[in-house]
Amino acid sequence: MIDDDDAQRPLPVVLKPVDDELLSSWLERHAAYYGVSGPFFAKWLMLGTRNLSLLDHRLGLTQVARLSEKLRCDPIALIAMTFIDTPARSAELICRNRAPQICRSCAERHAREGASGAVPKHWRKVWRITCPACGAPLSDTNERPDAGETLRDTSPFARVWKEAVAGEAIIERFLQGDVSFDYSPIALMRALLVHTWRPCGANGREPAAGWALGAIFPEFDNLARPIKRRINHAAVAALPISLRPALLAGVARTIASPAILDAVRDETSLRGRRAFERLCETARLEAQTTKESH
């Protein structure tokens with residue numbers, strides 16, 4: 001337990017962070033260790049907020065100085081535990097609420113090493129389907145922990161898993177400065193989630209609602225329609241993790257063969273086609289800008 005008398009002194013025990021751990025996760029583990037709630041711990045640290053998760057995205061110099069003093073750590077290491085330095089173009093691909101995915105193998109290892117509940121940063125990255133620490137497929141956090149199944153087992157798009165992993169690697173390369181791409185894979189993720197219409201429905205007369213990605217994987221439309229309000233090109237992070245392999249595989253296919261974009265365009269109509277064309281042009285321009293900046 002900690003009290004007001006400790007407020008001016010560094011914490012007596014500082015927990016070791018796990019690899020790639022989020023700042024809020026590390027602080028929450030300290031709060032649990034000292035037997036207090038996260039909000040109480042944040043108030044005691046005098047961080048100016050009671051919400052520790054906000055620090056993952058906004059961390060001021062005063063807060064850095066305070067945390068560095070109380071937890072006896074390098075300010076640069078503190079900042080590295082946040083998403084502050086994340087490229088602006090990928091900020092929308094970071095989940096701000098509960099992490100949608102988990103690496104069961106790493107979670108079990110964390111527990112064995114006394115860091116139960118630790119949350120690495122990559123558990124919040126929308127483009128990840130494998131763990132960069134151990135290479136294992138990630139799991140949906142909504143699945144039972146004892147099920148032992150991963151996304152590769154539970155996704156309806158498990159058949160394109162290899163392509164999905166290729167798409168994940170493409171996005172990682174792009175974010176790390178690879179300038180070999182003609183299109184931004186991040187912008188293509190948005191383009192493929194454009195809500196559009198097929199030229200004709202099953203009866204051959206009426207247009208059918210769908211998504212641009214459905215032109216590549218037709219079953220995507222049927223799986224997405226029951227939750228259509230959650231699938232929007234402006235909110236890629238809201239895409240259910242079970243459908244993510246299809247999106248990543250779509251990115252991999254279009255990067256490998258850009259002509260696919262023309263075929264997808266021809267399979268859309270009405271406003272969906274205009275939005276798709278606009279986002280494809282954005283993807284081309286973003287890739288061009290990246291090349292010119294290097």
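The values are calculated or read from the model by the stated rules, or taken from the named source; none is laboratory data. Only a predicted model underlies this, so the values are computations on that prediction, with no experimental measurement involved. Backbone-built Cβ (ideal geometry, glycine too); neighbour counts: all protein chains shown.
Numbers at a glance
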quantity: Subset of the stretch 117-141 that is touching a residue at least 60 places away in the same chain (Cβ under 8 Å) and small (G, A, S) - its residue that is surrounded by the fewest Cβ atoms within 10 Å (Cβ to Cβ); calculated: G117
quantity: Selected residue [more than 23 Å from the chain's Cα centre (by Cα) and surrounded by fewer than 23 Cβ atoms within 10 Å (Cβ to Cβ)] from R284, R278; calculated: R278
quantity: In the stretch 57-66, residue surrounded by the most Cβ atoms within 10 Å (Cβ to Cβ) [restricted to those that are free of Cβ contacts under 8 Å to residues at least 24 places away in the same chain and either closer than 18 Å to E21 by Cβ or touching an Asp or Glu at 6+ places or on another chain (Cβ under 9 Å) (or both)]; calculated: Q63
quantity: Members of the stretch 153-183 found to be among the hydroxyl-bearing types (S, T, Y) and surrounded by fewer than 20 Cβ atoms within 10 Å (Cβ to Cβ), listed by number; calculated: T154, S180
quantity: Qualifying residue in the stretch 39-56 (condition: buried (at least 20 other Cβ atoms within 10 Å of the Cβ), hydroxyl-bearing (S, T, Y) and either more than 30 Å from S242 (Cα to Cα) or within 13 Å of the chain's Cα centre (by Cα) (or both)); calculated: no
quantity: Residues being aliphatic (A, V, I, L, M) and at pLDDT below 95 - total across the stretch 159-185; calculated: 2
quantity: Residue selected from the stretch 93-134 under the condition in a helix (DSSP H, G or I), within 8 Å of the chain's Cα centre (by Cα) and hydrophobic (A, V, I, L, M, F, W, C), by the criterion modelled with the lowest pLDDT; calculated: L93
quantity: Single residue of A287, A275, A249, A237 found to be touching a Phe, Trp or Tyr at 6+ places or on another chain (Cβ under 6 Å), at pLDDT 90 or above and in a helix (DSSP H, G or I); calculated: A287
